[in-house]
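The structure appears right after this line, and notes come after that.
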Amino acid sequence: MKLIILFALIFFSINSVVLLAQNCEPFPVQILGDNLLCEGQTATLTADVGNSFLWSTGATTATITVTVAGNYSLTVTDANGCTSTNFTDVLVFPNPTPQIIGNNSVCPNGVATLALSTNYLIYIWSTGSDDASVQVNNAGTYTVTVYDSNACSATTAINVTANPAATATLIGNDSFCEGSSTTIGVAEIGQQYAWSTGGTSQNILVNAAGVYTVTVSNSVGCSSMQSMSVTMGNAPVSIQGETTICGDALLTLSTTPEYTTYIWSTGENTPTIQVGGGTYAVTVSEGACEGSASHIITALGDPQVQISGNLTISEGISTELSAIGTDLVAYNWSSGGITPNLQVSQVGTYTVTVTNSNDCTATATAVVTEVVLYPLAIPTAFSPNEDDVNSYWGATAEDVVQYECHIYDRWGREVFEAHQIDQRWDGTWRGKAQEVGIYAYWGNVTFADGTQKDFKGNLTLIR
């Protein structure tokens, strides 16, 4: 009986396994992650489905990290106990090994070219350049980061040092008398010299006028170029300075180039003199050489100018000032005007600077004063207290032929109106005393000669 039961259990188990196996259907398993690595990097591989996991590394987690190239397998079991397996290859590329080649030193005002010994896909220099090579003109440390076709990168650096500059200070006499010669050279010793004449010595003998150039190179290959202009003759001299002058002004005459001695026709013996109009000569000497030159200065007349016009104004009435003269081509008034005539409505001092056709200038000044016509007196306050002291308000003027005045309270009500200059306000409106405060007024007046004047302001009523 026990044996029968045992066979029955075995049969049932086998059928169950077969049944379960028949219920499993293939399901896809993907291994997610980057399988292309650069040396030193880590890749993360992850299963996209499954309840339990078995990697070829022995790991049983859904995600693993790898650093070694190879073929990695993953077996995933789902909730029904069914399994599926997938594989992925992880490739590890070696990092590039860049090497900077080129000059590791630079001369002042020179350049050094830096490049890579191997070609790469991308270059990122510390200078900001993305070219395969860069030119630098300063000492310092320069780095470059490169990327190869596998997107792997590496950085390298080079230290560029500064070479000492080659120096060339030209010495010697830059002029000589006809029939003689002069020696020019380089003050610094211990360098290589290349003259425009073909000479290679430190000094050369010059017996012709011209520009002489030398290129000096030092032991580290840095070079410097200098030139000297050498003249020949009997101390050639010229006088520099203007040829015209305005009025009694002075200008400066000077000689070029510099010499040992100077004798001017004025008796002075300096390189420069200050003079007015006239003819001037100078004799110079430099060693055995002498030279002379002359210079004519023409004195031009200053323009004559005066300001004409009414120099008095009254309120509301302007005057016109005019700059009068001959051969005047430009005007510049102190108030900003640039024409011969200037309308003036303010008192003050007015100056005009004029220029003639010789570009000489002169100045005239006029003072404009005010004439007060028909003064109009308007009080600013009154106190209508029936004490006959400042009890009425009104304007005062003479020779008035027409007059109008209106007063308003703070509400804008007209509380008084006058059409005769002798009319006064007693501080009432419609028989009622008005309150203390500020009142506004305006009006106009016409005088006997037709002059009109508007006026307005505020008055204060006090008690």
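Worth pointing out:
- Given (1) 53.6, 158; (2) 22.3, 63; (3) 29.9, 98, the label whose value is Rg and Dmax of the Cα atoms in Å derived from this model: (1)
- Residue-normalised convex hull volume from the C-alpha trace of region 305-370: 62 Å³ per residue.
- Here the spin labels are modelled as points 7 Å beyond Cα on the Cα-Cβ line, and at Lys453 and Ile378 they lie 1.0 nm apart.
- Loop-resident sites, region 330-407, for GluC sites (Glu not before Pro), counting at most 16 other Cβ within 10 Å (DSSP): Glu386, Glu398
- Degrees separating the helix 2-23 axis from the principal Cα axis of the chain, which is the longest one: 40 degrees
- Charge sum, other residues only, whose C-beta stays under 13 Å from Ile245's C-beta, Lys/Arg counted +1 and Asp/Glu -1: -4
- The Cα atoms of region 170-232 cover 41, 16, 16 Å along the three principal axes, with the biggest extent listed first.
- Potential lengthening of the chain between Ser196 and Asn444 amounts to 80.0 nm, from the contour at 0.36 nm per residue minus the alpha-carbon distance.
- Cα-projected label distance for Gln420 with Val371, points at 7 Å along beta-carbon direction, nm: 3.2 nm
- Distance from the alpha carbon centroid of region 386-446 to that of region 163-186 works out to 98 angstrom.
- Simple spin-label estimate for Leu54 and Asn104 in nanometres, 7 Å along Cα-Cβ: 5.8 nm
Each reported figure results from applying straightforward, stated rules to the coordinates on display, with no laboratory input. Please read all numbers here as calculations on a predicted model, not as lab measurements. Reconstructed Cβ throughout: ideal geometry from the backbone, glycine too, with neighbour counts over all protein chains shown.
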